[in-house]
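The values are calculated or read from the model by the stated rules, or taken from the named source; none is laboratory data. It should be emphasised that the depicted structure is a prediction, and the values quoted were computed from it without experimental measurement. No Cβ is skipped: glycine too gets one built from the backbone with ideal geometry, and neighbour counts run over all protein chains shown.
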Amino acid sequence: MLALATALLLAPARAQDAGVYRCGNTYGSTPCPGGQRIAADDARTDAQRQQAQALQRQTAAQADALADERRGREQAATGQLAARIGPSEAERARADAAAARKLVQDKAKAKAKKPKTSKARRLSQA
């Protein structure tokens, strides 16, 4: 039991000793052919680390608040109808009536503009 506890306590230290290796464009904890070991120590002070953690907690809280707000809006919109696309019934009726009036007017204009031709002559009169 003591050996297990010791192994568990030393495991994180061994993982940190493994280091970080750059292999081409990727980083990993295992060495690779042609890879370079890089220094990946956290150079921040404790105050800077705490400030970053506080900022992360604040950002997470804002994200949770925004998600709750979005869920509330979605819940409120459950019974609403979809937005109308295209003209309403009244607008469609007005457009149909205007089209019918225009058709009648166009027919009247076409009838009034018929070219006048002379009366047909009979061959016997010529």
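Among the residues making up segment 39-55, a single one is surrounded by 10 or more Cβ atoms within 10 Å (Cβ to Cβ), within 25 Å of R22 (Cα to Cα) and not basic (K, R): A40. Examine segment 59-67 for a residue that is among the charged types (D, E, K, R) and either surrounded by 10 or more Cβ atoms within 10 Å (Cβ to Cβ) or in contact (Cβ under 8 Å) with a residue 12 or more places away in the chain (or both), and state whether such a residue exists. Yes - at least one qualifying residue is present in segment 59-67. Taken together, the residues in segment 7-59 that are modelled with pLDDT of 55 or more, in a helix (DSSP H, G or I) and not aliphatic (A, V, I, L, M) amount to 11.
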